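**Student:** Can you keep this structure in mind? I'll have questions shortly.
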Amino acid sequence: MNSAIKDLQGTSSLCEILETRSAGESSVPIFPGLGCGFFSISHNIPAIRGACAVMIAPALCAYNARLALSRWEQSSRDIENNLIFFLYEEDDLIHGAGESIRQALIDICQRGTFKVLFVVTSCLPEIVGEDVEAVVRQLRDLVSVPVLLIKTENFTDMTARLSQANALLSFLDLMEHPREHIQKSVNIIGSSARDFPSSELSSVLQEAGYSINTVFPSGCDLDRLKKASRAEYNVLLTRNATLLAEKMQAEFCIPFYLFDAAYSPQAISDNYAGLGTFLGCDLLPSVAARKDGLTDAIQSARDHLEGSSIIISLSNSRVFDMATLLYDVGMYVPLIGFNQLTTTDLSDASRLSCRDSEILTINNLSISPLDECIATIRPNYYLSFGNPDAIFCARNGVRARRLVSRPHPNGFDAGRRILEILSKDKPGLSTLVLREQMREKAGIL
Amino acid sequence: MKVIAEGLPEATDYFGIVRTLIDIPDCIVVEHGAPGTMTYTQLSYNTINRERIHGRIFSSGVDETDIVMGSDSRLIRTILWIDEKYHPSAIAVVASAITAVIGLDVVGICHKVQSQVSARLIPFPSGGFSGTYFSGIESGSRALVDTFLVDRKVSRSDSPTVNILGPTGDVFNRASDYEEIRRILGLLGVQVNTVFPRGCSTSGIASIPSADLNLVTRDLMLPVATYIRDICGQEYLYGLPMGIRGTIQWIRDLSAHLDIPYPEMMVAREVASWAYALPELFGRVHPYEQFSAVIAAPFEYAYGLSRIVTEDWGLQVSSVLLPEKPRSSSYSDAFATFGISRVEVDLSDNRYRDILRTEKPTLLFGNTYHLKMGKQVPIRIHAASPTPDLITLFDGTPYAGFRGYAYLTQRLVNEAIAHPEVFRT
């Protein structure tokens, strides 16, 4: 099968990835892309209670962001519209908009009832050199609420990762300098405050005698966020929080551990072992039963998944470790789409190459070559974090699966979630498949 | 700098252009900019009409170096790749805000690359800074007609045939309204040749001259219709059939333009079937005479709904709020014939709220954001795009034509009964 796709644009073998230590560039135009910071922030800030965000952007980006937010408002996400758009227009380009921005921000602060104001810039004000940073500095002396600046230019990063890191970093300005750290207390960075308490890691930490100090950013309590600096440890659930964690370590002497979402039993055990070492305790005995639970789930999943093929595509997670889990189930992974390659990914990829050195990879910044691979390989399954094109998959006889973002499981639950997602079709999918079959029969494509 | 707190920021000419061009099956849009804009443009397109546009739009993906150096290499590579892979008839090259601001010569680049590709390259350099949403639809449509309407000789068929100029993918209730228009045309024995621009291939554009008449359903398409008339001698009829009286008038005008007899019996049968009247649907305990409406919609829809509310229902419209100034300068007079004196254009969120607060309408027609900001109005009916909270894929809920009148009348009565407080004021 690999020989049929080796000639396809943009694929590299796992061995090549390990040699070059790079995800490589996308060789084709981009569709649909991996998002951008401005939009990512525009649907993350509405999840922060008591916040307000002023988004400085051309009408084009503002329109898209508001429309996208409308969709999120109707979703399972508990968010509210707390965005105010400053439309950056032609006059602003020519004459600058610093004074108008300052005045409008003062006005908003006087009328608003929010606890924190985010000022978010987009590509355009950054390109023309609008000094929003200076405006924010001035504003901080004039208003009582904290004002945080987030820069989100997309042309410096084709994904939303850097902007998300900037957004998390901006929280540092809110944090109070601690007199002392609360012993055996942990901040969780990169989770939803609402979901985390019911997650596996939360239970494990509490069973080991650790208290959860602050969980942020989603749904976070701003008063608790101010006190985040009092925690003894930071545990990161997202790679994007590393920048903030490093600063918190430097400013508040809080060490951090990246509990990078793993999926295979071994990697999850390693994660817990590492976290235990970091915290100075042994967490493995308390997670042994959970590990057995995942092992059992793998055995059960073998009944219907063993022998089937799957293409997986993720942008910001341990995709190679996920492939390892799928090999544990007896599946075959001909192709992996990815975009980021950290040292953890390299070690995952190296481990995976021992299982199957023939696996191909592709940079998934653009979906186009990946689509072509799916159509050529026609795997049984296609799993991605974004929105897999269910119609495209149905036409190619592929079962599309989507990793849902909430609630985001951690620990051994994360591995079990993947197996659950693969084990059953979304309700109604069979109708979509039937319709596409009929369309093909009737020549309506 | 404009501040938008609750409403929808304006969709500029960029969206008008992109959404018009995306709807042409053998055209691919290249957005020259950072990829995020395109990522969310395709998402907002999907939010509006739940359609996939895989393979119909790409971003050239410029980065910091391209911007600093003013490089055109990514754009050229993108155009060549799309031409080779998809063989489209046209590639629309649309500048995003950032590439427009740095002054990259999109027109010149297209001119330079044109000889290397088989697709026709159509550049749009404005980046969303050259006008309104409707002007973007207008310029996108005009560019398509300019490029593909090559054979300008009119060769007509034996039976009366029309083109429909107007629908784009985001037009509110498009599926149902245009199905109803087709149904009425079918009853008249009139064939539909090309529907432009939505779903119209470039060969469909080329065949426009083979119809007898162009039916223009949106005023933003009038410049295109006028241009076609000037080069092909093909006449047009402008108007959207809405309401009982409005649809009868439209059929009368259409018959005259096509030189076919006015179908008296067909009209009689239709009116007999669909002209539900409020007195028969509301009971004695449902006083409705005091109902009044505010209509926030594009011109044709606002005009058609005004006609239904005032002429057919016999109720009042206190204000009409238009997103953009209509092409005809006498638009206020058109509403004045229905006794509507307040017609405002492109108003701010605050002004909109003031109007609702002072007029206290029973009935509000508008897009999702209008309805959201007018939560105090008891009966709120979607009547304009965008509607991210409403799917209108099914073609059996028209507002246009005879059946549209019937559907809206039934809807009004049902909504009123569901909000009995409207009878108590």
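No lab work stands behind these numbers, since they all come straight from the coordinates. A quick note: this is a predicted structure, and the numbers were derived from the prediction, not measured. Cβ sites come from the backbone with ideal geometry, for glycine too, and all protein chains shown count toward neighbours.
**Student:** When only Cα pairs under 8 Å and 6 or more residues apart are kept, what is the percent relative contact order across chain A?
**Tutor:** Over chain A, the number comes to 17 percent.
**Student:** Short version: ³J(HN,Hα) in whole Hz for each residue of the stretch B:283-289, in order, from phi by Karplus 6.51 cos²θ - 1.76 cosθ + 1.60 (θ = phi - 60°), x for Gly and Pro, what are they?
**Tutor:** For the stretch B:283-289, the Karplus-derived couplings read x, 5, 8, 10, x, 10, 4 Hz, x marking Gly and Pro.
**Student:** Which residue, chosen from A:F392, A:L432, A:V128, occupies the Cα position most advanced towards the positive end of the dipole of the protein assembly as shown, where the dipole is computed from +1 (Lys, Arg) and -1 (Asp, Glu) charges on Cβ about the Cα centre?
**Tutor:** A:L432
**Student:** Okay, next question. Helix-only mean residue ellipticity at 222 nm, chain A, DSSP H runs n ≥ 4 weighted -39,500 (n - 2.57), per residue, nearest 500. What is it?
**Tutor:** Mean residue ellipticity, 222 nm, calculated: -13500 deg cm²/dmol.
**Student:** Please name which of A:P197, A:Y233, A:C220 has its Cα lying farthest along the dipole of the stretch A:182-279 towards the positive end, using unit charges on Cβ (Lys, Arg +1; Asp, Glu -1) and the Cα centre as origin.
**Tutor:** A:C220
**Student:** Follow-up. Remind me, relative contact order of chain B in percent, using alpha carbon pairs under 8 angstrom and six or more residues apart?
**Tutor:** 17
**Student:** Suppose we keep just the DSSP beta bridges with both residues in the protein assembly as shown; what percent of those would be antiparallel, to 5?
**Tutor:** 10
**Student:** Please report the net charge: other residues with Cβ closer than 12 Å to the Cβ of B:L187, K and R +1, D and E -1.
**Tutor:** +2
**Student:** Here's a follow-up. Using θ = phi - 60° and the Karplus form 6.51 cos²θ - 1.76 cosθ + 1.60, what ³J(HN,Hα) does each residue of the stretch B:134-141 get, whole Hz, x for Gly and Pro?
**Tutor:** Rounded to whole hertz, the list is 5, 5, x, 4, 4, 6, x, 5.
**Student:** Now, a different point. Any lysines with Cα under 24 Å of the A:K151 Cα? List them, leaving off those in the same chain fewer than 8 positions away.
**Tutor:** A:K115, A:K226, A:K247, B:K2
**Student:** Hey, what do the phi angles of the stretch A:334-339 turn into as Karplus ³J(HN,Hα) couplings, whole Hz, using 6.51/-1.76/1.60 and θ = phi - 60°, x for Gly and Pro?
**Tutor:** My calculation for the stretch A:334-339 gives x, 8, 10, x, 8, 9 Hz in order.
**Student:** Now, a different point. Chain A: longest stretch without exposed trypsin sites (Lys or Arg not before Pro) (DSSP loop, at most 12 other Cβ within 10 Å), sites themselves excluded?
**Tutor:** A:180-423
**Student:** Now for a separate question. Check A:I150: other-chain or 5+ apart residues with amide H under 5 Å from its amide H, H built from backbone geometry?
**Tutor:** Counting only residues 5 or more places away or on other chains, the set is A:V119, A:V120, A:T121.
**Student:** Right, another one. Long-range amide H contacts for A:Y88: which residues qualify at under 5 Å (H placed 1.01 Å from N, peptide plane, sequence gap of 5 or more or a different chain)?
**Tutor:** Counting only residues 5 or more places away or on other chains, the set is A:A57, A:A59.
**Student:** If amide H atoms are built 1.01 Å from N in the plane of the peptide, which residues on other chains or at least 5 residues away come under 5 Å of the amide H of B:V192?
**Tutor:** The list, which skips near neighbours in sequence, is B:V162.
**Student:** Take the Cα of B:D395, step 7 Å along the line toward its Cβ, and report every residue of the stretch B:159-176 whose backbone nitrogen sits under 19 Å from that point.
**Tutor:** Answer for this model: B:161-176.
**Student:** Give me the angle, in degrees from 0 to 90, between the Cα long axis of helix B:174-187 and the longest principal axis of the Cα atoms of chain B, rounded to the nearest 10.
**Tutor:** For B:174-187 against chain B, the angle is about 70 degrees.
**Student:** Treating only the Cβ atoms of Lys and Arg (+1) and Asp and Glu (-1) as charged, compute the dipole magnitude of the protein assembly as shown about its Cα centre; round to the nearest 20 debye.
**Tutor:** Roughly 1560 debye for the protein assembly as shown.
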